[in-house]
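A.B. asks: Below: one structure in structure tokens.
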Amino acid sequence: MHDLGADLLLLIICSPSGAGKTTLTRDLMRTFDRLTFSVSCTTRKPRVNEVDGRDYFFVEREDFKKRIGAGAFVEWAEVHGNLYGTQLSELDRARREEKVGIVFDVDYQGARQIKAKLPSAVGVFILPPSMEELSRRLR
């Protein structure tokens, strides 16, 4: 099987909620300008301050399902009644922008799907400093 992303650094960051994945990813993106952040699609409605194309691509459920059927996603899942997924076209965007790599901020299942389709991807699992700190953050 040909690895569609072998020419890029494919960095998968995943963690349980509250472990610091989003903070770490933001710092990584500020520090390394030759990396780009993979923007996921979702069928949920935008939250306050979320921008289409920056935080997510907000799409209708039927459109998302058509994209699934067309094989447009490297990973996707249904979470709390909404669909979320990473489009393969994000790799093309990284290339067009002349980036050396792309960072995926996904859950464990998404990381497994990406790794299955893009074997050269590197997975990083972030653990919280302690269970007590994780509990504090989630409260």
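A.B. asks: Within the stretch 68-82, track down each residue that is within 17 Å of Ala116 (Cβ to Cβ) and in a strand (DSSP E or B).
C.D. replies: Let us first name the residues in the stretch 68-82 that are within 17 Å of Ala116 (Cβ to Cβ), namely 68, 71-77.
Once the filter is applied, which keeps residues that are within 17 Å of Ala116 (Cβ to Cβ) and in a strand (DSSP E or B), the stretch 68-82 yields Phe73, Val74, Glu75, Trp76, Ala77.
A.B. asks: Hey, among Pro119, Pro46, Pro128, which residue is touching a residue at least 60 places away in the same chain (Cβ under 8 Å) and more than 25 Å from Ala6 (Cβ to Cβ)?
C.D. replies: Exactly one of Pro119, Pro46, Pro128 is touching a residue at least 60 places away in the same chain (Cβ under 8 Å) and more than 25 Å from Ala6 (Cβ to Cβ), namely Pro128.
A.B. asks: Where residues in the stretch 88-99 are at negative phi and not in a helix (DSSP H, G or I), which of them is surrounded by the most Cβ atoms within 10 Å (Cβ to Cβ)?
C.D. replies: It comes out as Lys99.
A.B. asks: Test each condition in (1) closer than 22 Å to Leu8 by Cβ; (2) of a type outside the set (Asp, Glu); (3) not in a strand (DSSP E or B) for Gly85 and report the one that comes out false.
C.D. replies: The failed condition is (3).
A.B. asks: Within the group Ala19, Ala77, Ala72, which residue is farther than 15 Å from Val106 by Cβ, in contact (Cβ under 8 Å) with a residue 12 or more places away in the chain and not basic (Lys, Arg)?
C.D. replies: Values: Ala19 fails: farther than 15 Å from Val106 by Cβ; Ala77 fails: farther than 15 Å from Val106 by Cβ.
Selected residue: Ala72, the only one of Ala19, Ala77, Ala72 that is farther than 15 Å from Val106 by Cβ, in contact (Cβ under 8 Å) with a residue 12 or more places away in the chain and not basic (Lys, Arg).
A.B. asks: Now, a different point. Would you confirm whether or not the stretch 127-137 contains a residue that is of a type in the set (A, V, I, L, M), touching a Ser or Thr at 6+ places or on another chain (Cβ under 9 Å), exposed (fewer than 15 other Cβ atoms within 10 Å of the Cβ) and over 22 Å from Leu8 (Cα atoms)? Give the steps one after another, and end with the answer.
C.D. replies: The initial filter retains those residues of the stretch 127-137 that are of a type in the set (A, V, I, L, M), namely 127, 131, 134.
So of that shortlist, the ones also touching a Ser or Thr at 6+ places or on another chain (Cβ under 9 Å) come out as 127, 134.
Filter again for exposed (fewer than 15 other Cβ atoms within 10 Å of the Cβ), leaving 127.
Imposing the further condition that a residue be over 22 Å from Leu8 (Cα atoms) reduces the set to 127.
Taking every residue of the stretch 127-137 in turn, at least one turns out to be of a type in the set (A, V, I, L, M), touching a Ser or Thr at 6+ places or on another chain (Cβ under 9 Å), exposed (fewer than 15 other Cβ atoms within 10 Å of the Cβ) and over 22 Å from Leu8 (Cα atoms).
A.B. asks: Could you pull out the residue among Val122, Val106 that is buried (at least 21 other Cβ atoms within 10 Å of the Cβ) and either within 22 Å of Leu24 (Cα to Cα) or in contact with a strand residue (DSSP E or B) (Cβ under 8 Å, 6 or more places away or on another chain) (or both)?
C.D. replies: Working: Val122 fails: buried (at least 21 other Cβ atoms within 10 Å of the Cβ).
After applying the criteria, what remains is Val106.
A.B. asks: Let me ask another. Please tell me if Ile102 is touching a Ser or Thr at 6+ places or on another chain (Cβ under 8 Å), of a type in the set (A, V, I, L, M) and part of a helix (DSSP H, G or I).
C.D. replies: Working: touching a Ser or Thr at 6+ places or on another chain (Cβ under 8 Å): yes; of a type in the set (A, V, I, L, M): yes; part of a helix (DSSP H, G or I): no.
When the stated conditions are applied, Ile102 does not pass them.
A.B. asks: Does the stretch 2-28 hold any residues that are over 25 Å from Glu78 (Cα atoms) and either of a type in the set (Gly, Ala, Ser) or buried (at least 19 other Cβ atoms within 10 Å of the Cβ) (or both), and which are they?
C.D. replies: Passing the criteria: Ala6, Leu8.
A.B. asks: Among the residues of the stretch 90-107, are any without any contact (Cβ under 8 Å) to a residue 24 or more places away in the chain and more than 22 Å from Leu8 (Cα to Cα)?
C.D. replies: Taking every residue of the stretch 90-107 in turn, none turns out to be without any contact (Cβ under 8 Å) to a residue 24 or more places away in the chain and more than 22 Å from Leu8 (Cα to Cα).
A.B. asks: If you go through the stretch 29-65 one residue at a time, how many are in a loop (DSSP other than H, G, I, E, B) and surrounded by 12 or more Cβ atoms within 10 Å (Cβ to Cβ)?
C.D. replies: Start the filter on the stretch 29-65 by keeping residues that are in a loop (DSSP other than H, G, I, E, B), which leaves 32-34, 38-39, 43-51, 53-55, 59-60.
Those left that are additionally surrounded by 12 or more Cβ atoms within 10 Å (Cβ to Cβ): 32, 38-39, 43-44, 46, 50, 55, 59.
Going through the stretch 29-65 one residue at a time, the tally reaches 9.
A.B. asks: Looking at (1) under 21 Å from Gly20 (Cβ atoms); (2) in a loop (DSSP other than H, G, I, E, B); (3) in contact with an Asp or Glu (Cβ under 6 Å, 6 or more places away or on another chain), find the lone condition where Ser120 falls short.
C.D. replies: (1)
A.B. asks: Right, here's the next one. Suppose we keep only residues that are among the polar types (S, T, N, Q) and modelled with pLDDT under 95 within the stretch 88-123. Which one would you say is nearest to the chain's Cα centre (by Cα)? Break it down stepwise before answering.
C.D. replies: To start, the set of residues in the stretch 88-123 that are among the polar types (S, T, N, Q) comprises 89, 109, 113, 120.
In the following step, the residues that additionally are modelled with pLDDT under 95 were identified as 109, 120.
Numbers: Gln109: 11, Ser120: 16 Å.
This residue is Gln109.
The values are calculated or read from the model by the stated rules, or taken from the named source; none is laboratory data. Owing to the predicted nature of the structure, the values given are computational and were not obtained by experimental measurement. Glycine also receives a Cβ, built like all others from the backbone with ideal geometry; neighbour counts cover every protein chain displayed.
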